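One structure is given below, encoded as structure tokens.
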Amino acid sequence: MASPFHQVESGYLFRDVVDQHHAINEFQGRDAVSGLRVVVLNDPAGPKVLLVTWKLAMGSNVTDNFTLGAYGNLVARVNQETGAADFAANAMWPTAERLYKHPVTGKSFASFKIPFWREALETATAAARYFPLMRIQHWDVAVTNAGPELLELNELGGTQIHQMGGQGILTHELREFILAYGNLDKRPLLREACLAGRAAKG
């Protein structure tokens, strides 16, 4: 079947099953991969992590796709300094809830730190250097017992999952990045928002 995202004649890439880190399996009560979506800003000065969202597979789901809460999975913004999340969200506004404990295991999100946290960020930024013309990159990273593994690179990663629970993404850093590298001729409202934010910051 034809798809704008995959041409059949390009073939398929198969890989071994990811053996997720035992600590994450214990935290969520199952071994389905719950990956990190690492957003990297990539400019000539070098790649830098903007933010990280943890996508948690729930129930009988075999993937961690959030799909705006349609399948029951969770998303949680991870603090870059600590490698822990304050809470997770389970849906979109106005029905979204803040979950401070995992619904299945009862374990606290704030008390759990992602294993190999620094290594996961370093892996994403190291890989970003191989795509110097892709300014904003959305990497999916799994954490195994042997360390982080890259799953895929998304050029058009969804931004909704990073804004759950009142957490915005249009920070001063991102506004300046967009003004410097964005194709804003077709996005006048985005240009205005970035310029307004710059003016407000002074």
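The values are calculated or read from the model by the stated rules, or taken from the named source; none is laboratory data. All values reported here derive from a predicted model rather than from experimental measurement. Positions of Cβ are backbone-derived with ideal geometry, glycine not excepted, and every protein chain shown enters the neighbour counts.
Within the range 163-186, how many residues turn out to be among the small types (Gly, Ala, Ser) and assigned to a helix (DSSP H, G or I)?
The qualifying residues number 3.
So if I check each of 62, 40, which one is over 25 Å from residue 111 (Cβ atoms) and touching a Pro at 6+ places or on another chain (Cβ under 7 Å)?
40
Taking the range 121-155, which residues are in a helix (DSSP H, G or I) and over 12 Å from the mean Cα position of the chain (by Cα)?
Selection gives 122, 123, 125, 126, 127, 128.
Looking at (1) of a type in the set (S, T, N, Q); (2) at pLDDT 95 or above; (3) more than 21 Å from residue 127 (Cβ to Cβ), which is the only condition residue 34 fails?
If we test residue 34 against (1) of a type in the set (S, T, N, Q); (2) at pLDDT 95 or above; (3) more than 21 Å from residue 127 (Cβ to Cβ), just (3) comes out false.
Among strands (runs of 3 or more DSSP E) lying entirely in the range 2-87, which contain 1 or more residues that are polar (S, T, N, Q) and either buried (at least 20 other Cβ atoms within 10 Å of the Cβ) or not assigned by TED's automatic domain parsing to the domain that holds residue 127 (or both)?
Where strands (runs of 3 or more DSSP E) fall fully within the range 2-87 and carry at least 1 residues being polar (S, T, N, Q) and either buried (at least 20 other Cβ atoms within 10 Å of the Cβ) or not assigned by TED's automatic domain parsing to the domain that holds residue 127 (or both), they are 36-43, 46-56.
Could you list, in sequence order, the residues of the range 123-145 that are in contact with a Phe, Trp or Tyr (Cβ under 7 Å, 6 or more places away or on another chain), hydrophobic (A, V, I, L, M, F, W, C) and buried (at least 18 other Cβ atoms within 10 Å of the Cβ)?
Scanning the range 123-145 gives 124, 143.
What single numbered condition from (1) at pLDDT 90 or above; (2) surrounded by 17 or more Cβ atoms within 10 Å (Cβ to Cβ); (3) within 16 Å of residue 39 (Cβ to Cβ); (4) in the same structural domain as residue 94 (by TED's automatic domain parsing) fails to hold for residue 152?
(2)
Output the residues belonging to the range 88-120 that are assigned to a loop (DSSP other than H, G, I, E, B) and closer than 30 Å to residue 45 by Cα.
113, 114, 115, 116
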